[in-house]
Amino acid sequence: MILKKKYIITFITLLIISIIIKTNNSENLYFPIKNVTSSELINVNKDDISEAVKYLYSKSFFDIDLNYLKNKLEKIEWVRKINVRRSYPNEIIIDIEEHTPILIWNNKMYINTYGEKFNVSKIDKNIPILISDESRINEVFTYFELFNDKLSSRKLDFKITKIVENEIRSLTISLSSGINIQLGSKDVNHKITLFFEIYKSLNTRDLDKIRYIDMRYSNGFSVGWN
């Protein structure tokens with residue numbers, strides 16, 4: 001009788017193992033993943049995404065480790081943030097936020113719209129350059145944003161090509177019009193606002209002749225001519 005019971009227990013155990021193995025076989029999955037959709041991509045390589053989601057091929061809808069997949073996807077170039085979620089009964093939705101580069105920091109890394117630096121294998125040089133000490137990126141990025149906001153609000157037809165803070169924290173902004181604005185290290189926000197007031201008062205016929213505007217003075221400015 002005892003042997004018979006052991007036989008029955010052994011048989012049931014083997015049957016359960018067999019069912020588990022069969023269930024885990026990718027060709028016999030219950031609730032297999034049939035659709036994977038993602039955001040539209042600009043810079044992220046679609047082949048890299050496809051390689052990462054191969055993980056899903058052997059998983060059922062309820063068997064996916066979403067954090068594992070999220071971590072794999074966030075290691076891909078140009079990916080800033082990932083959200084992965086299930087959509088019943090058989091779809092996985094991947095929301096991808098890409099880095100949007102707006103500056104090149106020290107000619108070796110990008111800075112995105114949040115002021116975060118990030119690295120990619122190839123840098124396109126057709127955006128403004130920011131030169132600064134690493135510890136000063138946030139401050140100089142804030143100056144860049146302030147200047148750009150004032151450019152946009154006034155609908156002026158030039159843009160920043162380079163923003164440089166040197167070792168003594170003196171700031172210079174170079175414009176596509178050919179003018180360099182020397183702002184110094186003190187009261188920079190105020191001097192940026194003052195620059196636009198000065199620029200508004202300049203004779204438009206003279207703008208092409210200006211090489212720099214030096215605003216490092218406490219009570220005025222000077223103009224250097226070509």
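The values are calculated or read from the model by the stated rules, or taken from the named source; none is laboratory data. Nothing here was measured: the structure is a model prediction, and the numbers come from that model. Positions of Cβ are backbone-derived with ideal geometry, glycine not excepted, and every protein chain shown enters the neighbour counts.
How many of the residues making up the stretch 153-192 are outside any loop (DSSP other than H, G, I, E, B) and loosely packed, with under 14 Cβ neighbours inside 10 Å? Reasoning before the result, please.
Let us first name the residues in the stretch 153-192 that are outside any loop (DSSP other than H, G, I, E, B), namely 153-154, 160-165, 171-175, 180-184, 188-192.
Still in the list and also loosely packed, with under 14 Cβ neighbours inside 10 Å: 153-154, 189-190.
Count: 4.
State yes or no: is Ser174 among the hydroxyl-bearing types (Ser, Thr, Tyr), more than 26 Å from the chain's Cα centre (by Cα), at pLDDT 95 or above and within 24 Å of Glu134 (Cβ to Cβ)?
Working: among the hydroxyl-bearing types (Ser, Thr, Tyr): yes; more than 26 Å from the chain's Cα centre (by Cα): no; at pLDDT 95 or above: yes; within 24 Å of Glu134 (Cβ to Cβ): yes.
No: the conditions fail for Ser174.
When the residues of the stretch 38-55 are filtered to those that are at pLDDT below 90 and of a type in the set (Ser, Thr, Tyr), which remaining residue is surrounded by the most Cβ atoms within 10 Å (Cβ to Cβ)?
Checked the stretch 38-55; the qualifying residue surrounded by the most Cβ atoms within 10 Å (Cβ to Cβ) is Ser38.
Looking at the stretch 126-146, which of its residues are of a type in the set (Ser, Thr, Tyr) and more than 15 Å from Ser170 (Cβ to Cβ)? Outline the logic, then answer.
From the stretch 126-146, those of a type in the set (Ser, Thr, Tyr) are 132, 135, 142-143; that's our starting set.
Once the filter is applied, which keeps residues that are of a type in the set (Ser, Thr, Tyr) and more than 15 Å from Ser170 (Cβ to Cβ), the stretch 126-146 yields Ser135, Thr142.
Under 7 Å between Cβ atoms, which residue pairs at least 6 apart in sequence (or on different chains) link something in the stretch 185-203 that is free of Cβ contacts under 8 Å to residues at least 60 places away in the same chain with a partner that is assigned to a helix (DSSP H, G or I)?
From the stretch 185-203, the pairs are Val188/Tyr143; Asn189/Leu146; Ile192/Tyr143; Ile192/Leu146; Ile192/Phe147; Ile192/Lys150; Phe196/Lys150; Phe196/Arg154.
Which of the strands (runs of 3 or more DSSP E) contained wholly in the stretch 33-152 include at least 1 residues that are more than 20 Å from the chain's Cα centre (by Cα)?
Numbers: elements: 35-38, 79-87, 91-98, 101-105, 109-112, 129-131.
Ranges flagged: 35-38, 79-87, 91-98.
Condition check ((1) in contact with a Lys or Arg (Cβ under 9 Å, 6 or more places away or on another chain); (2) buried (at least 16 other Cβ atoms within 10 Å of the Cβ)) across all residues:
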site	(1), (2)
Asn83	yes, no
Arg86	no, no
Asp95	yes, no
Pro101	no, yes
Trp105	yes, yes
Ile123	yes, no
Tyr143	no, yes
